[in-house]
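Beneath this line is the structure, given in structure tokens, with notes to follow.
Just so it is clear, none of the values below were taken in a lab; they were calculated from the coordinates. The structure presented is a predicted model; accordingly, all values stated were derived computationally and were not measured. All Cβ positions, even for glycine, are placed from backbone atoms using ideal geometry, and neighbour counts span all protein chains on display.
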Amino acid sequence: MATNGQQKQNVSGLQIQGGAAVVAPAGAFQGAIPANALVVVPVTKPTDDLLTKLEEGPIVVTNDQMWELLGFNGPAVQVSDDQGRPIAIGLEDLLSGLEKHWNEDQNDLNRGRIFAQELLKHQRLARAEQVLTKLVAKGGTGDDWLALGICQLQQDKLDKAEGTLKGAANLLKQNPYPALHLARLYSKKGDMTAEDEHVEKALGLDAGCVDAWAYMFQSRRDRDGEDKAIEAIEERSKGQANAAPWVALQGFFANKEETRERAIGYAEKAVAANDADPIALLCLSALYGQAGQLEKVVEILGKHEPKMANNVHLANNYFEALFQTGQLDKVTRLLNALAGSNNKEVKQFAIQRSQLVAQFLQQQQQRLAAAAKA
């Protein structure tokens with residue numbers, strides 16, 4: 001089931017444990033590769049040095065050495081080629097290629113943004129700060145200021161980050177994130193009054209900002225304990241038809257089995273506050289799915305099929321619940337409707353799941369035929 005907006009597939013009934021192992025190509029696992037699986041990749045061109053070491057017995061290598069043996073310059077990352085096909089290259093090759101592209105025309109700010117985004121993604125913060133500083137100096141947008149401020153904050157350059165984030169707030173007057181990151185900054189400075197003021201400012205700009213509610217809960221919990229933090233959320237959200245506070249709260253309890261019932265309770269509050277909110281529906285349906293309450297998934301999502309034409313995660317949760325409870329007539333109607341979606345991701349989902357259902361039905365027919373012969 002998809003959890004909190006991130007699509008993930010369960011491998012039904014597949015448990016790998018004990019002292020035996022299965023060696024199979026990745027394509028053999030149609031749903032997903034199990035989390036506790038070990039990946040075996042053959043080294044096609046071992047070096048003479050490696051062969052010499054192997055003659056002495058098994059050897060241990062670092063992560064960097066492993067990627068080098070597999071022919072990558074740094075950890076492998078997936079990118080798209082000029083025809084949109086996914087390929088894997090080494091991280092260092094990716095970054096050097098993006099840097100070369102940026103240096104060829106530094107007036108093309110989008111080249112710098114793509115380069116900075118990858119640097120941030122892979123925690124190359126010092127280099128990212130240099131690139132983002134150039135973007136800001138060349139007349140960058142408020143988003144460039146915000147990215148630079150976040151980068152400086154991650155490096156604990158608090159005075160620089162404060163000025164940069166205030167500049168971002170002036171440029172992005174309706175965006176809650178400059179205020180939210182300023183709250184983080186004042187927390188690091190130990191100024192709780194300014195921290196609270198900026199959390200409140202973020203919520204005032206966008207009461208539907210889940211990150212702001214989550215930050216408020218976490219901050220109050222660290223100071224006053226969990227019960228007081230929940231009281232603060234309840235008081236601040238009183239009278240609002242707003243799912244965001246409860247979506248934020250469920251996220252703190254959703255990942256542990258012993259607190260999942262609490263997460264379900266908060267997710268139910270989110271849907272009760274606004275049953276048209278797709279994120280609230282997604283969270284609650286995912287939690288019901290994790291708890292094995294598939295009929296409840298069908299019940300809450302069945303009323304929202306039109307939303308699925310533009311939301312592949314809701315479509316996935318509904319499909320999984322219908323399919324696992326054997327409601328194949330509803331599965332067929334759902335996939336037929338989704339196949340006509342204008343959303344490319346939803347349309348592709350419908351095609352792939354239709355193939356899965358067809359394969360399942362074919363296997364069923366073969367089993368019935370074999371049973372009839374027997």
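Once both labels are positioned 7 Å from their Cα atoms along Cα-to-Cβ, the gap between residue 222 and residue 122 label points is 3.0 nm.
Assuming R0 = 51 Å, can you tell me the calculated FRET efficiency for the pair residue 138 and residue 53, based on Cβ-Cβ distance, to the nearest 0.05? After rounding to 0.05, the efficiency reads 0.55.
Within the same chain, lysines fewer than 8 places from residue 344 are excluded, and of the rest, those with a Cα less than 18 Å from its Cα are 307.
With a simple spin-label model that places each label point 7 Å from the Cα along the Cα-to-Cβ direction, the separation between residue 157 and residue 83 comes to 4.3 nm. When the Gaussian network model of the chain links Cα atoms closer than 10 Å, the mean-square fluctuations of 41, 60, 297 top out at 60. Stokes-Einstein diffusion for the chain, with the hydrodynamic radius set to the Kirkwood value over Cα pairs and evaluated at 25 °C in a medium of 0.890 mPa s, equals 99 µm²/s.
Report, in listed order, any pair from 45/100; 160/188; 173/269; 100/166; 134/201 with a Cα-Cα distance greater than 23 Å.
Beyond 23 Å: 45/100; 173/269; 100/166; 134/201.
How much FRET efficiency would the formula 1/(1 + (r/R0)^6) give for residue 370 and residue 328, where r is the Cβ-Cβ distance and R0 is 35 Å, rounded to 0.05? Computed FRET efficiency for residue 370 and residue 328: 0.95.
Once the chain from residue 62 to residue 356 is taken as fully extended at 0.36 nm per residue, the excess over their C-alpha distance is 101.9 nm. Counting only Cβ charges, +1 for Lys and Arg and -1 for Asp and Glu, the dipole size of region 300-357 around its Cα centre is about 120 debye.
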